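I have placed the structure first, in the form of structure tokens, so that the comments after it can refer back to it.
The values are calculated or read from the model by the stated rules, or taken from the named source; none is laboratory data. Quantities reported herein were computed from a predicted structural model and do not represent experimental measurements. Using ideal geometry, Cβ is built from the backbone for each residue, glycine included, and neighbour counts are taken over all protein chains shown. Protein only, heavy atoms only, side chains kept; ligands, DNA and RNA dropped before computing areas. Shrake-Rupley method; radii C 1.70, N 1.55, O 1.52, S 1.80 Å.
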Amino acid sequence: MRTSPSEDDDENDDGEISSTTFEKAAAQKDDLVDLLLRRLEICELMSLEECSRTRERIWGSDGSVAGEGSRSRERIWGTAATSLAGGGLIYLFVKYLIMDIGEIESTDEEMPAHTGRQYSPVTLHDRPVIEMSSLEAGTSSETSLKNVKVRSNLESTANGMESHTRGGPGGSQTESKLELFGFDSLVNILGLKSMTGEQIPAPSSPREGEDVSITLGRPKETGPKMGTMMGVFVPCLQNILGIIYYIRFSWIVGMAGIGDSLMLVAFCGSCTFLTAISLSAIATNGAMKGGGPYYLIGRALGPEVGVSIGLCFFLGNAVAGAMYVLGAIETFLDAVPNAGFFKESVTIVSNATMNGTTATTVSTPSLHDLQIYGVIVTILLCFIVFGGVKMINKVAPAFLIPVLFSLFCIFIGVFVAPRSNASSGVTGLKLGTFRDNWGSGYQRTTNAGVPDLMGPINWSFNDLVGLFFPAVTGIMAGSNRSASLKDTQRSIPVGTLAATLTTSCLYIISVLLFGAMATREELLANRLLTAEVAWPVPAVIYVGIILSTLGAALQSLTGAPRLLAAIANDDILPVLKYFRVSEGGEPHLATLFTAFICICCVIIGNLDLITPTITMFFLLCYAGVNLSCFLLDLLDAPSWRPRWKFHHWSLSLIGALLCIVIMFLISWSFTVISLALASLIYYYVSLKGKAGDWGDGFKSAYFQLALRSLRSLGANQVHPKNWYPIPLVFCRPWGKLPENVPCHPKLADFANCMKKKGRGMSIFASIIDGDYHVLAEDAKIACRQLDTYIDYKRCEGVAEIIVAPNMSEGFRGIVQTMGLGNLKPNIVVMRYPEIWRRENLSQIPSTFVSIINDCIIANKAVVIVKGLDEWPGEYQRQYGTIDLYWIVRDGGLMLLLSQLLLTKASFESCKIQVFCIAEEDTEAEELKADVKKFLYDLRMQAEVIVVTIKSWEAHVEEGHQQEESMAAFTNAQREFSYLAEMKETAS
């Protein structure tokens, strides 16, 4: 039985449930609460007594609704949760209660009220679907259900307002799942803590890369999002199809021949195709924010590599925009010479060919015309970019459609060639022309590309790679706008690969058609052969060239600012903080900066020295994407689960190697320059940037390398040659330390002195007395403080905090469990308790003796530092001797520690003295010789001093010194007897 949705008095305007609702709910308590509690009892999750007690807490002992008409629904849920909290069943209770209630949807002032409550019987096969948003901090319990939607899979209507009952176990069932983002957040949202009076904190947001989307409060209004076609495919197509296809591609076919041209297209196209596959794999591995390739590389190779390559890629896009603008203006002035304000320059070039010497006239527009028109066009394009995504979506087809129409006209003209006004070299599609142009014809040319036997440029396949490769770049244009895409995980792979395959097929078909249409001489001499053969008039090609270059410039000016804004939003470099933008906002300041760079390059006018560097920046970015996918695929961490399955680490490695090879084929000098610039940015980010842990692939590689190294060490005894001191520094002070200082400063300095040149690992451990369940959070805070202090003292080590009932039990647990395999601490370093006489005469000595006994049982060496306050600082140079009283053979540990001290700047001026004890005078020389031989074998420089017992006894019998020695001996005996008693007490 359910209430009718037409009853309007079930919920008032404030989101409270009226008394009528509770009366109906009370009438249906057998269907709701009793069924719930019956399930818990059947599943043996609650006893019968607990079910009865819970039923009374919820509905009242007399069967009436508790707090009838005065409390909202979350209050009742809170009462139920409070009654079950002791048994740890809050989560199960909420889960089953949601299944019974059906749908709960709260409203606020700006949303229409939900009238009526709907209930439905629940079967054993019902499974819930929960969709929810988190709360703003400080939200009261009265509004804790806002923006929360709990929906049962019994509902099948579009608006979720109507529901129908499900059949029995054999009835039809729809797929459903329980989507929760943490038990604490669920309890907060459902208001289950409201009865206890606890303030509900805002749930923590999910980490980057997780597939959980949480909106804090009301969702922010963002601009329109783009799909695959307008967001990825069209930008990539506009960036790839540029001026090179119109004015250089036919020349490349004539120079390289059909065979080498096909190899050239396949070589360059395979590089971008493999990069697109790697890009697709990384882009589909979790949520992708703005920044495109920077975001992908930074999250895979670390923030330093990501920022360095990202800034180079941004600079390449900004300068490429200037190159496209200048190409469009130069084509426009060639087509309409009268549009120039200044007189164009005319150069007559004499060409020495097989048939004699010919003169060629080369006209170039004035540099000032290029500057004036270039600045105007750049400003106009910036106004379009300032219009945002909506404006770009409207303008982009206006640039692309004429380009596609010009390509259509070229292919029509190729099939109808030769026409009446065509040159003699245009033969039309003929098999003989195809055979003649199959082989290569590399030769010398002038700077304008005109064949000349005495020309300064001698072309080869490597040179053509550098000339043609910019015609396949632009595959990152879609990923640069990832923040403006509706679905990045679908749009980026589909759109990028579609644009790459489309242009590659276009180039291959064009090679075959151009090679069969005109002679080699015509292909090399006629720069605008495409305009001559185009149908119906050459002006179509001029329009296509201008619009294609302007479209590529528009995409560069659109992607570059978003890339810079994404780098600034990550707050790695503080100097870029001015370019930050809010989520969904337009990067206006970054657009102005990009336009400034573009205008500066346009004013320079000559980009012949800059364009190779642009290509290097693009190739550097492609190599970074491939290396990122290679690393992530090779490590295969549990978080690496891309939806794009057609990838392999070998393909990514081949793609990265192709990028590097192409860089050196184009120009090794520009390759070195681009790598040096990226290295400088990397170094600057390492120095000035803020450290960020993005879970990059290098951290995963370090982790796996550490695991493999640990397994390779095994559990056998470490050979003495490979022995390293791994000190366990016991930070628990015997006495008081200044506030916020978790370890004695001199103890950390002493631990550093035990390692050669600071290499090695130390474990800084401390103990908090008390109950672990009570002090667990305090231990985490103390561990973070100790870890920060270790970094401050520049110690290579880790921090560990143990909660134990007392110091003895805590240290006993530390000495047994600390470390992994052979990577366990072998030396225990602690301070001598000088305060035991004046503060705690009984407890401190017994604890101290107990700790020493535990170290002996655990086979750990013990280093006790007495007079720690007087230990010299890092810059306090010491002079004199380091005295070693070698009474018991300890395996050379004391000798090794003294030798390590000499490696420090503070003790390098000191000398080592080794004191040994012999029983007879006759044994002294023999013992001294043995010790010197032992020190020589150990490569240690030390002075050996032997003290015999008889000589000492004869010395102490003289005069007043005997009394002092006897007094000292008596005091020592007392201390030893006291320590023995403490040892018995501790054991």
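Checking the condition open to solvent by 10 Å² or more (accessible area, probe 1.4 Å), part of a helix (DSSP H, G or I) and not assigned by the TED database to the domain that holds residue 622, which residue from 230, 323 passes? Being open to solvent by 10 Å² or more (accessible area, probe 1.4 Å), part of a helix (DSSP H, G or I) and not assigned by the TED database to the domain that holds residue 622 holds for just one of 230, 323, which is 230.
Name the residue, out of 781, 768, that is over 30 Å from residue 892 (Cα atoms), part of a strand (DSSP E or B) and aliphatic (A, V, I, L, M).
Numbers: 781 fails: part of a strand (DSSP E or B).
Only one candidate qualifies: 768.
Please work out if residue 522 is acidic (Asp, Glu) and closer than 25 Å to residue 402 by Cα. For residue 522, the condition - acidic (Asp, Glu) and closer than 25 Å to residue 402 by Cα - is not met.
Look at residue 863 and say whether it is over 23 Å from residue 770 (Cβ atoms), open to solvent by less than 80 Å² (accessible area, probe 1.4 Å), in contact with a strand residue (DSSP E or B) (Cβ under 8 Å, 6 or more places away or on another chain) and hydrophobic (A, V, I, L, M, F, W, C). Taking the combined requirement at face value, the residue satisfies it. Scanning region 406-421 finds one or more residues that are open to solvent by 30 Å² or more (accessible area, probe 1.4 Å) and either within 30 Å of residue 225 (Cβ to Cβ) or within 46 Å of the chain's Cα centre (by Cα) (or both).
Residue-by-condition table, conditions (1) open to solvent by less than 10 Å² (accessible area, probe 1.4 Å); (2) not in a helix (DSSP H, G or I):
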{"position": "449", "(1), (2)": "yes, yes"}
{"position": "455", "(1), (2)": "yes, yes"}
{"position": "464", "(1), (2)": "yes, no"}
{"position": "470", "(1), (2)": "no, no"}
{"position": "474", "(1), (2)": "yes, yes"}
{"position": "480", "(1), (2)": "yes, no"}
{"position": "483", "(1), (2)": "no, no"}
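If only residues of region 429-447 that are of a type in the set (Ser, Thr, Tyr) and open to solvent by less than 60 Å² (accessible area, probe 1.4 Å) are counted, the one that is farthest from residue 512 (Cα to Cα) is 446. Residues that are within 23 Å of residue 725 (Cβ to Cβ) and in a loop (DSSP other than H, G, I, E, B) do occur in region 941-948. Looking at region 892-940 only, could you name the residues that are part of a loop (DSSP other than H, G, I, E, B) and small (Gly, Ala, Ser)? Result: 892, 905, 906, 909.
Would you confirm whether or not region 626-646 contains a residue that is in contact with a Leu (Cβ under 6 Å, 6 or more places away or on another chain) and assigned to a helix (DSSP H, G or I)? Yes, there is a match, as at least one residue in region 626-646 is in contact with a Leu (Cβ under 6 Å, 6 or more places away or on another chain) and assigned to a helix (DSSP H, G or I).
Residue by residue, here is whether (1) assigned by the TED database to the domain that holds residue 851; (2) at pLDDT below 90; (3) surrounded by fewer than 18 Cβ atoms within 10 Å (Cβ to Cβ); (4) over 32 Å from the mean Cα position of the chain (by Cα) holds:
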{"site": "712", "(1), (2), (3), (4)": "no, yes, yes, no"}
{"site": "715", "(1), (2), (3), (4)": "no, yes, yes, yes"}
{"site": "755", "(1), (2), (3), (4)": "yes, yes, no, yes"}
{"site": "771", "(1), (2), (3), (4)": "yes, no, yes, yes"}
{"site": "789", "(1), (2), (3), (4)": "yes, yes, no, no"}
{"site": "797", "(1), (2), (3), (4)": "yes, yes, no, no"}
{"site": "810", "(1), (2), (3), (4)": "yes, no, no, yes"}
{"site": "813", "(1), (2), (3), (4)": "yes, no, yes, yes"}
{"site": "827", "(1), (2), (3), (4)": "yes, yes, no, yes"}
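Residue pairs whose Cβ atoms lie under 9 Å apart, sitting 6 or more positions apart in sequence or on different chains, and linking a residue in region 826-854 that is within 27 Å of residue 797 (Cα to Cα) to a partner that is of a type in the set (Ser, Thr, Tyr) and modelled with pLDDT of 75 or more, are 826/724; 829/762; 833/847; 847/808; 848/832; 850/808; 851/808; 854/808. Only one entry of 389, 395 meets the criterion of being part of a helix (DSSP H, G or I), touching a strand residue (DSSP E or B) at 6+ places or on another chain (Cβ under 9 Å) and at pLDDT below 90, and that entry is 389.
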